[in-house]
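Values in this text are rule-based calculations from the coordinates and carry no lab data. Computed from a predicted structure; not experimentally measured. Glycine gets a Cβ as well: all are built from the backbone with ideal geometry, and neighbour counts include every protein chain shown.
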Amino acid sequence: MATGVILAGGTSRRMPGDKAFMEISGRRVIDIELDVMEGLFEEILIIGNTERVEILSLYERDGVKILEETVRGKGAIGGLLSGLQLSGSSEVFITACDMPFMNRRAVKYIVGSLPGYMAAVPSTPEGLEPLHAAYSKECASIIADQLEHGDLKISDLFNSVPVNYIPMKALRDFDPSGRLLFNINSPVDMRKAAGEPEIK
């Protein structure tokens, strides 16, 4: 089985409070994500920076570990590399901590799309979703080399490895509402996720 990784190390520039503890309709988003991931993965890792590991420990339980990131100050690609380095599996599903509409069948489909490639990444009309995607652990050395050269773009990794780009229409079968890849970056997004009317 693969490893599931939730990245909870990012700063909340546009959100009040800590994104790792934000709630939708009374439930923390990470709890929603854990419900989706449990049973799908051999291990689940929640990865945060040094300052957050202690407070993230409330999520720790059987099959769920809280670990400190191995790469600091490098943004999303640093989180991705940390997840790959800390994983005990050859296949790793990576997601951000701000995606309340994760879907169990879709996650299983993404991971199942990885064999024969080094990454399986949803592709939407708005662009790629590298933080809701599956990776071979072998990508770690390539990302580390990329960082050595000061390149922080996850998308540049895809120029160096074989990638299975998953069209959004393939995921629509699991997510007719089209909210699967919705992530929360602002209070407006929070209200949308909760189904509240937009404040004009």
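First check a/c for the range 1-104, with a ≥ b ≥ c the square roots of the eigenvalues of its C-alpha gyration tensor; if it is under 1.5, answer rounded, and if not, answer prolate when a/b is larger than b/c or oblate otherwise. It is oblate, given that a/c is not under 1.5 and a/b is not larger than b/c. Sorted on the mean count of surrounding Cβ atoms within 10 Å across their residues, most packed first, peptides 91-98, 141-148 read 91-98, 141-148. When the GluC sites (Glu not before Pro) in the range 47-89 are filtered for DSSP coil states and for at most 16 other beta-carbon atoms within 10 Å of their beta-carbon, the remaining sites are Glu60.
Remark: the range 165-181, residue by residue, has Karplus-estimated 3J(HN,Hα) of 7, 9, x, 4, 5, 5, 8, 4, 4, 9, 8, x, 6, x, 9, 3, 9 Hz, where x stands for each Gly or Pro and the curve is 6.51 cos²θ - 1.76 cosθ + 1.60 at θ = phi - 60°. Its alpha carbons give the chain an Rg and a Dmax of 16.0, 48 Å.
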